[in-house]
Amino acid sequence: MKRKKVGVLLSGCGVMDGSEIHEATLTLYFLDRQDADIVCMAPNKDQFDVMNHVAGAPASEKRNVMTEAARIARGHIRDVKAVKAEDLDAVILPGGFGAAKNLCTFARDGADCTVDEDVAQLLREMHRAKKPIGALCIAPAVIAGLFGRTLSPEITIGTDPGTASALEKMGARHTPAKVDEIVVDSKNKIVTTPCYMLAQSIKEVGAGVEKLVAKILEMA
């Protein structure tokens with residue numbers, strides 16, 4: 001059987017300004033356990049901000065999204081601009097505030113957010129090719145920002161009413177879900193799960209990520 005090639009779209013390194021490391025690592029783990037070939041990628045641009053994860057406060061420095069994401073990918077990272085849908089069978093977006101800061105502007109603009117041009121290009125190509133897209137935690141905001149008004153995708157970020165309302169204003173259909181549940185939009189081939197929007201521990205994150213990875217590979 002041909003090995004599935006799955007893109008993992010990272011947004012930096014660290015929950016407050018990049019990819020949530022537990023979510024990203026568990027995604028890589030469950031993909032590898034299913035013998036998928038993994039292509040890590042990220043936008044090659046400056047982060048929206050840099051956070052001191054000890055103090056929980058902004059730091060006065062600049063960091064590059066792809067350079068930081070390479071920490072999670074052990075150096076094996078590609079510029080998302082150079083990745084095409086024909087290179088992949090599916091793509092998964094881990095969460096973390098980087099998804100809402102660096103992949104799109106949801107953290108700043110809410111329902112008026114825009115999606116990074118290179119990220120948007122790849123995800124549009126994936127949808128046109130009918131290849132599945134997975135999004136964890138807050139990353140469904142990228143899906144809503146890009147496809148909400150045209151596809152009305154069914155997604156989840158868990159149960160937070162404020163965030164759910166913002167996604168619905170963008171045209172998405174929000175379905176509440178428990179921490180270990182996934183929401184599957186079969187028509188648009190989009191799968192989402194709440195992860196740290198609800199999770200209190202890494203094992204709770206793992207339960208949802210495992211189901212999402214399995215469904216994405218099934219749909220690929």
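General remarks:
- Looking at region 5-219, the DSSP beta bridges with both ends there are about 25 percent antiparallel.
- The radius of gyration of the Cα set in region 1-83, together with its Dmax, comes out at 13.7, 50 angstrom.
- Distant-in-sequence amide contacts of Asp37, defined by a placed amide H-H separation under 5 Å and a gap of 5 or more residues or a different chain, comprise Lys4, Lys5, Val6.
- Ordering Glu125, Glu20, Glu86 from the fewest to the most neighbouring beta carbons within 10 Å gives Glu86, Glu125, Glu20.
- Over all pairs of different C-alpha atoms, region 123-188 has a mean inverse distance whose reciprocal, the Kirkwood radius, equals 11.8 Å.
- Under a Gaussian network description of the chain, with springs only between Cα atoms under 10 Å, the residue in Glu61, Glu181, Glu154 that fluctuates furthest is Glu61.
- ³J(HN,Hα) computed for each position of region 138-144 - Karplus, 6.51 cos²θ - 1.76 cosθ + 1.60, integer Hz, glycine/proline x: 8, 4, x, 4, 5, 4, 5
- Set Lys187/Lys215; Lys84/Lys169; Lys84/Lys215; Lys45/Lys189; Lys62/Lys211; Lys81/Lys169 screened for pairs whose C-alpha atoms are more than 25 Å apart: Lys84/Lys169; Lys45/Lys189; Lys62/Lys211; Lys81/Lys169
- Rounded to the nearest 500, the helix-only mean residue ellipticity at 222 nm of the chain stands at -11000 deg cm²/dmol, with each DSSP H run of n ≥ 4 adding -39,500 (n - 2.57).
- Spin-label model, Lys203/Lys45: points 7 Å from Cα along the beta carbon direction are separated by 4.0 nm.
- Treating each Cα of region 38-134 as an identical point scatterer and summing with the Debye formula, the log10 of I(q)/I(0) at q = 0.13, 0.16, 0.21, 0.23 Å⁻¹ comes to -0.48, -0.71, -1.16, -1.33.
- With only the Cα atoms considered, region 97-212 has a convex hull volume of 88 Å³ per residue.
- Per-residue 3J(HN,Hα) values for region 208-220, derived from phi via the Karplus relation 6.51 cos²θ - 1.76 cosθ + 1.60 with θ = phi - 60°, read x, 5, 4, 5, 5, 4, 4, 5, 4, 5, 5, 7, 5 Hz in sequence order (x marks Gly and Pro).
- Computed from the alpha carbon positions, the gyration tensor of the chain leads to an equivalent ellipsoid with semi-axes of 22, 20, 18 Å, biggest first.
- In this structure the amide hydrogen of Glu154, modeled in the peptide plane, comes within under 5 Å of the amide hydrogens of Arg173, none closer than 5 places in sequence on its chain.
- Rounded to the nearest 0.05, the FRET efficiency derived from the C-beta distance between Glu61 and Ile38 at R0 = 35 Å is 0.75.
- Scanning the chain for cysteines with no neighbouring cysteine C-beta under 4.7 angstrom from their C-beta gives Cys13, Cys40, Cys104, Cys113.
- For Arg63, the residues whose modelled amide H falls within less than 5 Å of its own, excluding neighbours fewer than 5 places apart on the same chain, are Gln47.
- Tyr29 paired with His53, simple spin-label distance in nm, labels 7 Å along Cα-to-beta-carbon: 1.5 nm
Where a number appears in this text, it was derived from the coordinates with a stated rule and is not lab data. From a predicted model like this one, the values you see are computed outputs, not experimental measurements. Every residue, glycine as well, gets a Cβ built from its backbone with ideal geometry; the counts of neighbours run over all protein chains shown.
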